[in-house]
Amino acid sequence: MSPSTRPMIPLAVPNLLGREGELLAECITSTFVSSVGPFVDDFEARIAALSGTERAAVLCSGTVALQLALEALEIGQGDLVLAPSLTFIATPNAISHSRARPWLMDVSANDWTLDLQLCREAILTQTVAGADGLRRHRDTGEVLRAIMPVMVMGAVVDLDAVVALAREFGLKVVVDAAAAIGTTMADGRALGATGVDAVCYSFNGNKTITTGGGGAVAAADPALIQRIKHVSSTGRVGANYEHDVIAYNFRMTNVQAALGVAQVERLDSFLARKRQIRDRYAAFAADYPFLEPFPEPEFGKNGHWFSGFWYTGDDAARPDAFRDHMRGERVDLRPFWMPIHLQPPYQDALASAMPVADHLWRRIFPLPCSTHLSDEDLDHVIAAAGRYWSTVDA
Ligand SMILES: *Cc1c(COP(=O)(O)O)cnc(C)c1O
């Protein structure tokens, strides 16, 4: 195909080639299109099973999943939540919506997730333990209550180390696994079977499985899920219009859950294709001394929501030049997430120094990774990247 007629290859678009249409039609014939219905229960059971937990609650987005997990753990006004700066803005937004505040930390250069050593030093040097056992920030007096590690682009977090740190300082753990459906610990343990308090997912259109828009919380404690179900569905008690709390309408509909069930049925094949795509990009990067695949730490099995490579060289103009080249080749390569400490709403947030996030974010290239990406398109992406990097010295 000539460059001008070739359609743009997108980063990640929904693969709806399974039973999606069939299950959506069932919603129409049954008239169960709203927030009650068999697909909601079925999808919740499947998400719980995948997470190694007894129960899960499906909701209308990943952002509210994170928010309600915090609120159900009674985190809110006057509280601080440790979170990495290298994440999508939904992470700190969810913390803010709960009325707590994010305390932003840099990521580790080894795995691009929350730098736990840095967190530990910050806790020891910047908080003081009160007689009530709570740790307060020395300058603001806010109580450090939780830690929210992020599985950035699906990359596994060392949850055993997070849980150990949390136990040392009495913190709750809410995992932003928005992009990490299918990611497990190295020994096969599901994310919810690691001692964390809650695991939150997103089913936005670009995620590995999608419900159009949606999210879920999985938790080992069924009472936590019960509280989330209650506040996400108006706080209704009994059959009449009686409500016991100021609650939300954050439910997932049966229509969305029908998509979710059809998607989850194909999760294994989605993950297999994601891994093939990842392996092709890793093999490409291996030919260049200044390109590296995204990290794959030994403590987990990455679900590879996104894959690609990053530029380790020193020429600051290269990343934008490569993105321009790829768009000219009809590959939709856009800049990666700008870290949160650089975003206007969070410029005044408590934050560590950010040498790793500041260095990394412009150099990360997430490449097309839809699960139905054709081999022909994948070949084109790799050939197009080669046409750029083979002309570069460093
Ligand atoms: C996608 C994503 C979210 C947000 O989920 P929504 O469903 O869009 O609200 C949150 N955190 C991370 C890390 C994500 O990748």
Ranked highest first by average number of other Cβ atoms within 10 Å, how do 143-149, 313-319 line up? 143-149, 313-319
Give the share of C-alpha pairs in each 5 angstrom bin for region 278-376, from 0 to the last occupied bin, in whole percents, shortest bins first. 2, 11, 18, 22, 20, 14, 9, 3, 1, 0
Which residue, CYS369, CYS200, CYS27, tops the fluctuation ranking in a GNM of the chain built on C-alpha contacts under 10 Å? CYS27
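Taking Cα pairs under 8 Å and at least six residues apart, what relative contact order does the chain come out at, in percent?
About 24 percent, as a whole number.
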Near the amide H of TRP103, under 5 Å away, which other amide H atoms are found, from residues 5 or more places off or on another chain, if H is placed in the peptide plane? VAL81, LEU82, ALA83
For PHE309, which sequence-distant residues (separation of 5 or more, or a different chain) have an amide H within less than 5 Å of its own amide H, given hydrogens modelled in the peptide plane? PHE365, LEU367
Packing rank of 59-71, 164-176, where each peptide gets the mean count of other beta carbons within 10 Å, highest leading: 59-71, 164-176
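Of the chymotrypsin sites (Phe, Trp or Tyr not before Pro) in region 192-257, which ones lie in a loop per DSSP and count no more than 14 other C-beta atoms within 10 Å?
On the way: sites: TYR201, PHE203, TYR241, TYR248, PHE250; in loops: PHE203, TYR241, TYR248, PHE250.
In loop regions of region 192-257 (DSSP not H, G, I, E or B), the sparsely surrounded chymotrypsin sites (Phe, Trp or Tyr not before Pro) are TYR241.
Hey, could you get me the Stokes-Einstein D for region 166-313, Kirkwood radius over alpha-carbon pairs, 37 °C and 0.692 mPa s, rounded to whole µm² s⁻¹? Kindly include the intermediate steps, with their values, before the conclusion.
Working: Rh = 17.9 Å.
So the translational diffusion coefficient is about 184 µm²/s.
Can you work out D for the chain in µm² s⁻¹ from Stokes-Einstein, where Rh is the Kirkwood radius over C-alpha pairs, the temperature is 37 °C and the viscosity is 0.692 mPa s?
Details: Rh = 21.8 Å.
In µm²/s, the coefficient rounds to 150.
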Inverse of mean 1/r across different Cα pairs in region 8-88, Kirkwood, Å: 16.2 Å
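Work the Kirkwood hydrodynamic radius out for region 122-249: mean of 1/r over every pair of different alpha-carbon atoms, inverted, in Å. Please list the in-between numbers first.
Values: mean 1/r = 0.0597 Å⁻¹.
Here the Kirkwood hydrodynamic radius works out to 16.8 Å.
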Rounded to whole Hz and in sequence order, give me ³J(HN,Hα) for region 272-284 from the Karplus expression 6.51 cos²θ - 1.76 cosθ + 1.60, θ = phi - 60°, writing x for Gly and Pro. 5, 5, 4, 5, 4, 5, 4, 5, 5, 5, 5, 5, 4
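Assuming R0 = 41 Å, what is the FRET efficiency of MET8 and ALA247, from their Cβ-Cβ distance, to the nearest 0.05? Kindly include the intermediate steps, with their values, before the conclusion.
Numbers: r = 42 Å, r/R0 = 1.04.
Taking R0 as 41 Å, the efficiency between MET8 and ALA247 is 0.45.
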Percent of Cα pairs exceeding the 25 Å cut-off, where the set is region 63-175: 13 percent
Near LYS274, which lysines are there with a Cα under 17 Å away, not counting those fewer than 8 places off in the same chain? LYS207, LYS301
Enter the Cα centre distance for the pair region 244-284 and region 71-89, rounded to the nearest angstrom. 24 Å
Computed Rg/Rh for region 331-370 (Cα atoms; Rh = Kirkwood radius) stands at 1.07
Count neighbours as other Cβ atoms within 10 Å of each site's Cβ, and list the GluC sites (Glu not before Pro) in region 295-394 that are DSSP loop with at most 11 such neighbours. GLU298
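Please give the peptides 78-86, 179-187, 116-124 ranked by average Cβ packing (other Cβ atoms within 10 Å per residue), highest first, as a rough proxy for protection.
Values: 78-86: 26.0, 179-187: 20.9, 116-124: 16.7.
For the peptides 78-86, 179-187, 116-124, the packing ranking is 78-86, 179-187, 116-124.
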Subtracting the Cα-Cα distance of ASP348 and SER34 from 0.36 nm times their residue separation yields 109.0 nm
With every atom except the alpha carbons ignored, what do you get for Rg and Dmax of region 245-328, in angstroms? 19.1, 59
Of all beta bridges DSSP finds with both residues in the chain, what is the antiparallel percent, to the nearest 5? 60 percent
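Any read-out appearing in this document is the output of simple, stated calculations on the displayed coordinates, not a laboratory observation. The model shown is predicted, which means the values in this text are computed figures rather than measured ones. Positions of Cβ are backbone-derived with ideal geometry, glycine not excepted, and every protein chain shown enters the neighbour counts.
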